[in-house]
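Bear in mind these aren't lab numbers, they're just calculated from the coordinates by the rules spelled out. What you see is a predicted model, and the numbers here were worked out from it, not measured in a lab. Virtual Cβ from ideal backbone geometry, glycine too; neighbours counted across all protein chains shown.
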Amino acid sequence: MTPAHEKALAGFGLSIPQPATVFNLLAKFDPKRLTTTDRFMKAVNEKLLFGIPTVAFHKAPLSEDAVLIREAAPHMRRMVRAMLEHGRRYDGGENFNRAVILGLQLLAAEANRSS
């Protein structure tokens, strides 16, 4: 880890020795930083704070566990909203696609529960 990496993490209140959950990471995601020119800050914001939580949240609707889905749903909705509102400023595409899939998974899980 370089000093630039440490600085990028510190800019979000994170450090390597400090553990964080996907909920903690997502809470620190800032859509305003989608256009930053600092490549380390951009990577932390897009990959660590948004991309990594999508991986965990994809598992919630697939689990078919109603409690887990209910707990993850507000976060999944926030991610979908963030990409709908700010996705044009995101130039990678991967997180936009993941957010769309999260939304579809959540809709399907909620439709299955109500049927």
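The distance separating the Cα centre of the range 75-115 from that of the range 11-39 comes to 19 Å. Here the simple spin-label model places points 7 Å from the Cα toward Cβ, and for Asn24 and Ala56 these points are separated by 0.9 nm. Apply 1/(1 + (r/R0)^6) to the Cβ-Cβ distance of Lys32 and Val100, taking R0 = 22 Å, and write down the FRET efficiency to the nearest 0.05. Efficiency for this residue pair is about 0.55. For P(r) over Cα pairs in 5 Å bins from 0, in percent, the value computed from the atomic coordinates appears in the list (i) 2, 12, 22, 26, 23, 11, 3, 0; (ii) 2, 12, 22, 21, 17, 12, 7, 4, 1, 0, 0; (iii) 2, 11, 22, 23, 21, 14, 7, 1 under label (ii).
Among the chymotrypsin sites (Phe, Trp or Tyr not before Pro) within the range 27-115, which fall in a DSSP loop and have no more than 11 other Cβ atoms within 10 Å of their own Cβ? Here no loop site has a sparse enough neighbourhood. For the range 96-102, putting each phi into the Karplus relation 6.51 cos²θ - 1.76 cosθ + 1.60 with θ = phi - 60° gives couplings of 4, 4, 4, 5, 4, 5, 4 Hz, in residue order, rounded to whole numbers and with x for Gly and Pro. For the pair Ala108 and Ala4, label points projected 7 Å from Cα toward Cβ lie 4.0 nm apart.
Net charge of the neighbourhood of Leu102, taken over other residues with C-beta under 13 Å away and scored Lys/Arg +1, Asp/Glu -1, is +3. Applied to the range 28-35, the Karplus parametrisation 6.51 cos²θ - 1.76 cosθ + 1.60 on θ = phi - 60° returns per-residue 3J(HN,Hα) values of 8, 4, 10, x, 5, 8, 5, 10 Hz, with x for Gly and Pro.
Within the range 25-115, the GluC sites (Glu not before Pro) that combine a DSSP coil assignment with at most 14 other C-beta atoms in a 10 angstrom radius are Glu64.
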